[in-house]
Amino acid sequence: MRTVRQHLLGIFASALLLGGSVHAACLGEQNSTTVYSFDVVPQLTAAKIYTTWSPLLKRVGEETGLCFELRVWPTIPEFEQRLLKGDPAFVFLNPYHAVLAYQKKKYQPLLADSEDLLTGILVVRADSPIQSLEELKGQTVSMPAPNAFAASLLIRAELAKRKIDIRPVFVKTHSNVYRSVITKDAVAGGGVNNTLDNEAPEVRQQLRVLFETPAYTPHPIVTHPSVSAAVRDRFLQAMLKLTQDEAGRQLLADINLRQPQPVTYAKHYKPLEALHLEKFLVLSGQ
């Protein structure tokens with residue numbers, strides 16, 4: 001595993017030097033005649049995504065006889081362009097991306113975590129005097145991207161409901177959001193509960209949660225309609241099997257998917273349509 005990870009990190013470093021996206025093929029069954037692209041929404045750094053998802057996909061691929069090409073795009077808008085063109089076969093994406101992907105290309109949710117529901121949070125510095133949302137009026141608030149579900153769309157909808165106008169700045173990743181607040185480049189920042197939990201203690205200790213949204217079913221893995229029911233089931237069963245041993249449980253924990261459960265669009269994600277977040281969407285390149 002260590003050798004594989006070192007090899008993957010080498011590819012990652014080369015991609016960064018070239019200023020492009022990060023791709024890794026093939027993770028899993030090397031003799032497979034089909035390679036399934038697997039895109040992960042870049043809410044964290046490419047290095048973090050790459051080093052947590054690649055060993056998981058390698059194990060799942062070997063277990064199922066499938067081969068995956070892990071793709072990490074430099075920005076969330078680039079990821080969205082690929083998704084809404086129906087390019088990737090498998091995708092790990094935010095809940096509202098799942099709504100858009102279903103509406104536009106009929107991507108089908110497959111599984112999501114059943115343990116930790118997703119909430120949007122607004123954080124300020126631990127020593128900030130701000131105690132209410134109203135005090136953010138006219139202030140600079142950092143967010144990862146316009147269409148980040150809980151970290152941006154939900155937060156902006158809540159602020160708009162209260163007629164609180166802010167100056168949003170989009171800084172690409174959740175990690176960048178938290179650091180922009182710490183360095184005082186922004187008065188507050190939008191994130192989500194699980195990405196803040198994943199930050200180092202020295203980062204979390206410098207931040208305070210000012211506001212938290214209601215909770216929703218978290219990020220799912222969805223599949224393109226061209227992915228067969230048999231392949232979907234093989235993948236699902238292999239993911240569920242990871243909970244049965246310590247190494248597998250650690251792989252799941254690393255991607256915030258500790259207790260995978262089957263999900264459907266109708267039950268878990270269609271209710272998001274009622275939030276009418278489309279008025280806050282910023283889509284490009286379609």
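Readers should treat all values here as calculations from the given coordinates under stated rules, not as data from a laboratory. Not measured: the values here are computed from a predicted model. Note that each Cβ is placed from the backbone with ideal geometry, even for glycine, and that neighbours are counted across all protein chains shown.
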Per the C-alpha gyration tensor (a ≥ b ≥ c, the square roots of its eigenvalues), segment 34-76 is rounded if a/c is under 1.5, else prolate if a/b beats b/c, else oblate; here it's oblate
What's the Kirkwood radius of segment 132-271 in Å, using all Cα pairs? 17.2 Å
The chain - share of DSSP beta bridges that are antiparallel (%, nearest 5): 65 percent
Spin-label point model (7 Å from Cα, Cβ direction): what's the D116 to D87 distance in nm? 2.8 nm
Rounded to the nearest 5, what % of the DSSP beta bridges within segment 120-212 are antiparallel ones? 60 percent
Beyond 28 Å (Cα-Cα) in this structure, taken from K85/K241; K48/K279; K241/K267, we find K85/K241; K48/K279
Could you work out how far helix 95-105 tilts from the main Cα principal axis of the chain, as a 0 to 90 degree angle to the nearest 10? 60 degrees
Segment 215-274 and segment 137-175 have their Cα centres apart by a whole-number Å value of 27 Å
Can you pull the one-decimal nm distance between simple spin-label points at Q30 and A247, each 7 Å off the Cα toward Cβ? 1.7 nm
Hey, fewest Cβ within 10 Å first, where do K163, K58, K85 land in order? K163, K85, K58
Inter-label distance for S226 and T75, nm, one decimal - labels placed 7 Å from Cα along Cα-to-Cβ: 2.7 nm
FRET efficiency estimate (nearest 0.05) - Cβ-Cβ, V203 to K105, R0 45 angstrom: 0.80
Quick check of the Kirkwood formula: for segment 120-212, what is the inverse mean of 1/r over all pairs of different Cα atoms, in Å? 12.6 Å
Length gain on complete extension for the stretch E212 to Q139, per 0.36 nm per residue less the alpha carbon to alpha carbon distance? 24.4 nm
Out of T264, T243, L275, whose Cα points farthest toward the positive end of the dipole of segment 186-286 (charges: +1 Lys, Arg; -1 Asp, Glu; placed on Cβ)? T264
